[in-house]
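Heads up: the structure comes next, in structure tokens.
The values are calculated or read from the model by the stated rules, or taken from the named source; none is laboratory data. All values reported here derive from a predicted model rather than from experimental measurement. Every residue, glycine as well, gets a Cβ built from its backbone with ideal geometry; the counts of neighbours run over all protein chains shown.
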Amino acid sequence: MKVKSITSSLAVSLIIVISLNTACADKSTPTAPSNPAPPQAAAPPPAPAPATASVQLTINPNPVPFSGQPITDSSGCAGSKNTWFYEQVAKETGGVAVTFTSRIDKFDGRVVNTVSNLNMVVPANGTVSVKSRWCSSQAVAHTAQTTFSGIDDKGHTLTVEAPVANLKSP
């Protein structure tokens, strides 16, 4: 009788184990939530920075050859045979027009001319040439340099310094 009761106990135990395994199998965890959270919207890309004018100045030719041709329409140069002529070329590459409103000229490193009522417009992606000339009482090599200041069409201030123009001796 003891064998029958052990067998019955084993059978009951086996049924309980099978039932527990089946119950555990029925309570499996899903791999995704039943109510997934809505996808979050991606942050908008940052707004592009507003364009700014970019102007490069070049001197043509540089070094500047001695001319000797008199400048007759300026009293400061009347009678001077020591003269030089060249172009300053302003090229805008940023895609924004700029208006230069002032100009400072240096000769041999000293400020000799300041213009505050300038209205020189360099178009977007365009160029403007400025004819420049100098005279001196001394027949030696000199240097000249111009700084332009203004504002672009987007409201940004701009100051551009031209390269030094090397004025050759006679």
Point to revise | Subset of the range 90-113 [free of Cβ contacts under 8 Å to residues at least 40 places away in the same chain, buried (at least 16 other Cβ atoms within 10 Å of the Cβ) and under 25 Å from the mean Cα position of the chain (by Cα)] | key: Glu92
Point to revise | Candidates Gly95, Gly68 - the one that is on the phi > 0 side of the Ramachandran plot and touching a Lys or Arg at 6+ places or on another chain (Cβ under 9 Å) | key: Gly68
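Out of the range 114-124, which residues are in a strand (DSSP E or B) and surrounded by fewer than 16 Cβ atoms within 10 Å (Cβ to Cβ)? So that I can check it myself, show each step before the final result.
Residues of the range 114-124 that are in a strand (DSSP E or B), as a first pass: 114-115, 120-122.
Once the filter is applied, which keeps residues that are in a strand (DSSP E or B) and surrounded by fewer than 16 Cβ atoms within 10 Å (Cβ to Cβ), the range 114-124 yields Thr114, Val115, Val121.
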Check your understanding: Any residue at all in the range 35-51 that is among the hydrophobic types (A, V, I, L, M, F, W, C), exposed (fewer than 15 other Cβ atoms within 10 Å of the Cβ), at pLDDT 95 or above and not in a helix (DSSP H, G or I)?
Key -> no
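Could you count how many residues in the range 69-86 are part of a loop (DSSP other than H, G, I, E, B) and either surrounded by 16 or more Cβ atoms within 10 Å (Cβ to Cβ) or in contact with a Gly (Cβ under 7 Å, 6 or more places away or on another chain) (or both)? First the steps, then the outcome.
Quick first cut of the range 69-86, residues part of a loop (DSSP other than H, G, I, E, B) only: 69-74, 78-81.
Adding the requirement that they be either surrounded by 16 or more Cβ atoms within 10 Å (Cβ to Cβ) or in contact with a Gly (Cβ under 7 Å, 6 or more places away or on another chain) (or both) leaves 71, 80-81.
Here the count works out to 3.
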Practice item. Scan the range 99-110 and give yes if some residue there is aliphatic (A, V, I, L, M), modelled with pLDDT of 95 or more and within 21 Å of Ser74 (Cβ to Cβ), otherwise no. Key: yes
Revision key, fill the gap. Asp152 meets each of (1) buried (at least 17 other Cβ atoms within 10 Å of the Cβ); (2) more than 30 Å from Pro48 (Cα to Cα); (3) of a type in the set (Asp, Glu) with one exception, condition (2)
Practice item. Evaluate the following for Ser137: is it in contact (Cβ under 8 Å) with a residue 40 or more places away in the chain and either hydrophobic (A, V, I, L, M, F, W, C) or closer than 15 Å to Pro65 by Cα (or both)? Key: no
Check your understanding: Got at least one residue in the range 125-139 being of a type in the set (Phe, Trp, Tyr), closer than 14 Å to Ala90 by Cβ and not in a loop (DSSP other than H, G, I, E, B)?
Key -> no
Point to revise | Extreme residue, nearest to Phe148 (Cα to Cα), among residues of the range 77-103 that are out of contact with any strand residue (DSSP E or B) (no Cβ under 7 Å at 6 or more places or on another chain) and small (Gly, Ala, Ser) | key: Gly94
